[in-house]
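Structure record follows, encoded as structure tokens.
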Amino acid sequence: KLSKRLEAVTSFIPKNSVLADIGSDHAYLPCYAYLQGMIERAIAGEVVEGPYQSALDQVRRTDLSHVIDVRKGDGLEVISPNEVTCITIAGMGGTLIQTILEKGKDKLAGVQRLILQPNIGAKKVREWLLSNGWELTAEQILDDEGRIYEILVADRGDSFKPYLNNKEAGLLMGPFLSQEKNDIFIQKWTNERAHWMKIVGQLEEAPVTEANEMKKAELKAKIKLVEEE
Ligand code: SAM
């Protein structure tokens, strides 16, 4: 059985996609998506030997080697332009997801949808999408076994559109998520705010240095954004 988190990621895959799942680890996501009839075929990319072998094993065990190609390599290096129509990148930090997209920009030809699930730092991912002509079209926030995850879905389009109301707050908390404001969203940002306030308190006790003052100002700005939401 697939985790609630990965199942939520797959729910955004357009029907009949050719999928690349980057950082696939056990290749659970592409195997599940195929068995559910969501995709035509898939490439599972992995850069680390252990997870790459796990992906190969899983694909063999489920008898899907004819439709799921496990490839070893860094990020989007494992695909060619116009080879896939949808890309999933899940379970990594936002900075790593951003780096993978940036380094593999030329491989995005033919891709219609990106489904990205940063464990932390979703802002970095939203910023990359905004700067690169990918319009955020849906978001989901969910709790899976006590951890909160965000899923960002982007299609080619007007990347500025989601941020017309409030760009800074939208980039930090997500334009759709901050509109919906469900219980999990409120829980997440209540926790974040408390955490930042604690650090601000510690910085107030600390020696006054330029670095500390800058950090404090940055945190206070974020606290303000969250409070205004
Ligand atoms: N996507 C799966 C999920 O969400 O459950 C696995 C997440 S796992 C925490 C992250 C995986 O990404 C690891 O298996 C790691 O080896 C792989 N990874 C990290 N950097 C990568 C890169 N630049 N290219 C491909 N895979 C990478």
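Structure data summary
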item: Long-range neighbours under 8 Å by Cβ, at least six apart or interchain, first residue on the phi < 0 side of the Ramachandran plot and among the hydrophobic types (A, V, I, L, M, F, W, C) within region 1-28, second near the ligand (Cβ under 7 Å from one of its atoms) and assigned to a loop (DSSP other than H, G, I, E, B); result: none
item: Within region 100-117, considering residues that are in contact with a strand residue (DSSP E or B) (Cβ under 9 Å, 6 or more places away or on another chain) and assigned to a helix (DSSP H, G or I), the one nearest to K15 (Cα to Cα); result: L108
item: Odd one out for E150, checked against (1) without any contact (Cβ under 8 Å) to a residue 60 or more places away in the chain; (2) closer than 21 Å to T10 by Cα; (3) among the charged types (D, E, K, R); (4) surrounded by fewer than 21 Cβ atoms within 10 Å (Cβ to Cβ); result: (4)
item: For V208: the one exception among (1) assigned to a helix (DSSP H, G or I); (2) of a type in the set (V, I, T); (3) loosely packed, with under 12 Cβ neighbours inside 10 Å; result: (1)
item: Single residue of I97, I120, I141 found to be outside any helix (DSSP H, G or I), within 15 Å of the ligand (Cβ to nearest atom) and touching a helix residue (DSSP H, G or I) at 6+ places or on another chain (Cβ under 8 Å); result: I120
item: Checking V125 against (1) surrounded by fewer than 24 Cβ atoms within 10 Å (Cβ to Cβ); (2) of a type in the set (V, I, T); (3) over 20 Å from A33 (Cβ atoms), the condition it does not meet; result: (1)
item: Residue match in region 74-85 (condition: near the ligand (Cβ under 10 Å from one of its atoms), modelled with pLDDT of 95 or more, in the same structural domain as T137 (by TED's automatic domain parsing) and more than 22 Å from V111 (Cα to Cα)); result: no
item: Odd one out for E46, checked against (1) over 24 Å from T137 (Cα atoms); (2) surrounded by fewer than 18 Cβ atoms within 10 Å (Cβ to Cβ); result: (2)
item: Residue identified as among the hydroxyl-bearing types (S, T, Y) and within 11 Å of the ligand (Cβ to nearest atom) among T62, T88; result: T88
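The values are calculated or read from the model by the stated rules, or taken from the named source; none is laboratory data. Keep in mind that what you see is a predicted model, and the values were worked out from it rather than measured. A quick note on method: Cβ atoms are made from the backbone with ideal geometry, for glycine too, and the neighbour counts reach across all protein chains shown.
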